[in-house]
Amino acid sequence: MPKPLYTLFLCISMLLLSACLQNAENDRIPVRYTILVRDSYTGESIEGADVALTGEDETERTLKTNDAGKVIFPSLESYVNQVIVTKKDYIPTDTVDVVTVSDTSLSLMLRTLNLTLTPKDSASADSTTDSE
């Protein structure tokens, strides 16, 4: 194969490979999270809790729960996400959610996480009743 033709073939191959890699990256299906936060003892919704969602890009997004104890994070293209929930007078909680995609025909995945916070004063009350 003549050198100019070989060089052209190599350039076209590299462009095609690059396009395939970009498509693989763009084939990620966005994930929309709904997170519900409740009191671990009463089961009541917790309003005003800070919910921090950190994705693979290590960007932290924080929202406050509404009166129903709910936050909805807009779509993000991250399949490994850490969620940390904090509220004054409660013990913080955290979880990691790993998304596996089995249906690639989806245009959006909906995930719902139910998390609970334990009141700080109830944790110390439990330890005193256990010792009696």
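The values are calculated or read from the model by the stated rules, or taken from the named source; none is laboratory data. Owing to the predicted nature of the structure, the values given are computational and were not obtained by experimental measurement. A quick note on method: Cβ atoms are made from the backbone with ideal geometry, for glycine too, and the neighbour counts reach across all protein chains shown.
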Worksheet item: Quick one: in region 52-67, which of the residues that are touching a residue at least 24 places away in the same chain (Cβ under 8 Å) and over 13 Å from Arg111 (Cβ atoms) is surrounded by the most Cβ atoms within 10 Å (Cβ to Cβ)?
Response: Thr65
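Taking the condition of being part of a loop (DSSP other than H, G, I, E, B), small (Gly, Ala, Ser) and modelled with pLDDT of 95 or more, how many residues in region 32-86 meet it?
Looking only at that region, the number is 6.
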Item to complete: Take the residues in region 87-102 that are assigned to a loop (DSSP other than H, G, I, E, B) and in contact (Cβ under 8 Å) with a residue 40 or more places away in the chain, then tell me which one is nearest to Glu58 (Cα to Cα).
Response: Val99
Worksheet item: Which of the residues belonging to region 68-108 are out of contact with any Pro (no Cβ under 7 Å at 6 or more places or on another chain), within 13 Å of Gly55 (Cβ to Cβ) and hydrophobic (A, V, I, L, M, F, W, C)?
Response: Phe73, Val80, Val83, Val96, Val98, Val99
Fill in: Criterion: at pLDDT below 90 and part of a loop (DSSP other than H, G, I, E, B) - qualifying residue of Ser105, Ser124
Ser105
Fill in: Enumeration of residues in region 79-100 that are under 12 Å from the mean Cα position of the chain (by Cα) and not β-branched (Val, Ile, Thr)
Tyr79, Asn81, Gln82, Asp94, Asp97
